[in-house]
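These notes concern the structure reproduced below.
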Amino acid sequence: MNIKDRIGVDCGRKLSVEDAVQWAIDNEVKYIDCQIDVEPNALRTFDNARCAPIRERCSENGINLGLHTLSAVNISEFSPYLFEAVDEYLKAYIDAYVKLDAKWIVVHAGYHFSDDIEKRKQTGLERLKRIVGYAEKKGAQLLLENLNWEPDRAEVHYLAHNLEETLFYFDRLDSANLGWSFTINHATLVPEGIVGFLDGGPTDRLGEVRMADSNGEYELHMQPGTGMVDWVDMFRRVENTGFTGHYMNAFGSLDDMLEGRDFQVEKFNQL
């Protein structure tokens, strides 16, 4: 597969899944990511009647559909009632994955409030163990994303935002059904950077590379070529790990991501 076909577009909730599939067909995009929490993609609406035609359209046209859970749902939640609800939320995504014949689900490690970090980490780890077990039973592929650094004085901080925290989960979750969704612009916000993540991260479990440019200072999803990412070097380092999977654009509008793909193809061809 050529590099242009390997670069997908994160449709999020910009379109219904049905419209996202049609948009991908019209624009010759082989990989799309969709979030199915709220309208037009309310999670509870993905029954067999809705999923069957989507599944068939993807199969007929070579579209690889991925799902992306909401990072605002705290995977490290330990409060009563909410604790059980988060498990059910993740299981519902996996059930939809099966009905849609999706190819991956991006998941997260949750977030903490500084003074509860250890309890949150352990809660999230135990939850991910349960959910990975459910994914194994259902044949689902989960991808754990490294999320973004927040300023030190922020009240809320994402877990798995740096290499040490990312490895905390992968070192303890040994399953072929859990891979890594590597987000390059998030990596630029911590000292190890893209190079450190690729040198020390679980590249043997790399399932997806998510892409946007960055100012290297705070969370932004910028158009490629407008920030500090060295795109040629990034592609070279990723490909040198033996990665043959898909890349996923996540910035701006759908048109921005198509334009960015052309820029990325040009940079990749400089390897």
Response to the item:
Checked against (1) touching a residue at least 24 places away in the same chain (Cβ under 8 Å); (2) open to solvent by less than 40 Å² (accessible area, probe 1.4 Å); (3) out of contact with any Phe, Trp or Tyr (no Cβ under 9 Å at 6 or more places or on another chain), GLY193 satisfies every condition except (1)
Fill in: Evaluation of TYR218 against (1) touching a residue at least 60 places away in the same chain (Cβ under 8 Å); (2) in a loop (DSSP other than H, G, I, E, B); (3) in contact with an Asp or Glu (Cβ under 6 Å, 6 or more places away or on another chain); (4) of a type in the set (Ser, Thr, Tyr) (one fails), failing number
(3)
Item to complete: Could you pull out the residue among SER181, SER214 that is within 16 Å of GLU145 (Cα to Cα), open to solvent by less than 50 Å² (accessible area, probe 1.4 Å) and not β-branched (Val, Ile, Thr)?
Response: SER181
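Condition test on ASP101, is it in contact with a Lys or Arg (Cβ under 8 Å, 6 or more places away or on another chain), surrounded by fewer than 16 Cβ atoms within 10 Å (Cβ to Cβ) and not hydrophobic (A, V, I, L, M, F, W, C)?
Here the answer is yes, as ASP101 does meet what is asked.
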Item to complete: Hey, can you tell me all the residues within region 53-71 that are open to solvent by less than 40 Å² (accessible area, probe 1.4 Å), farther than 17 Å from GLY110 by Cβ and touching a helix residue (DSSP H, G or I) at 6+ places or on another chain (Cβ under 8 Å)?
Response: ILE54, CYS58, ILE63, ASN64, LEU65, LEU67
Worksheet item: Could you give every pair whose Cβ atoms fall below 7 Å, whose first residue belongs to region 225-249 and is within 11 Å of ARG6 (Cβ to Cβ) and open to solvent by less than 80 Å² (accessible area, probe 1.4 Å), and whose second residue is among the hydroxyl-bearing types (Ser, Thr, Tyr) and in a strand (DSSP E or B), counting only separations of at least 6 or pairs across chains?
Response: HIS246/TYR31; MET248/TYR31
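Let's see how each residue does on (1) loosely packed, with under 13 Cβ neighbours inside 10 Å; (2) of a type in the set (D, E, K, R); (3) modelled with pLDDT under 95:
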position: GLN22; (1), (2), (3): no, no, no
position: ASN27; (1), (2), (3): no, no, no
position: ILE32; (1), (2), (3): no, no, no
position: ASP37; (1), (2), (3): no, yes, no
position: ARG44; (1), (2), (3): yes, yes, no
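What's the total number of residues in region 74-84 that are within 17 Å of the chain's Cα centre (by Cα) and either closer than 20 Å to VAL98 by Cβ or small (Gly, Ala, Ser) (or both)?
Residues meeting the conditions: 0.
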Worksheet item: Which numbered condition trips up ASN74, out of (1) in contact with a Lys or Arg (Cβ under 9 Å, 6 or more places away or on another chain); (2) open to solvent by less than 30 Å² (accessible area, probe 1.4 Å); (3) closer than 16 Å to TRP104 by Cβ?
Response: (3)
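The values are calculated or read from the model by the stated rules, or taken from the named source; none is laboratory data. From a predicted model like this one, the values you see are computed outputs, not experimental measurements. No Cβ is skipped: glycine too gets one built from the backbone with ideal geometry, and neighbour counts run over all protein chains shown. Remember, those area values only see protein heavy atoms, side chains included, never the ligands or the DNA or RNA. Shrake-Rupley method; radii C 1.70, N 1.55, O 1.52, S 1.80 Å.
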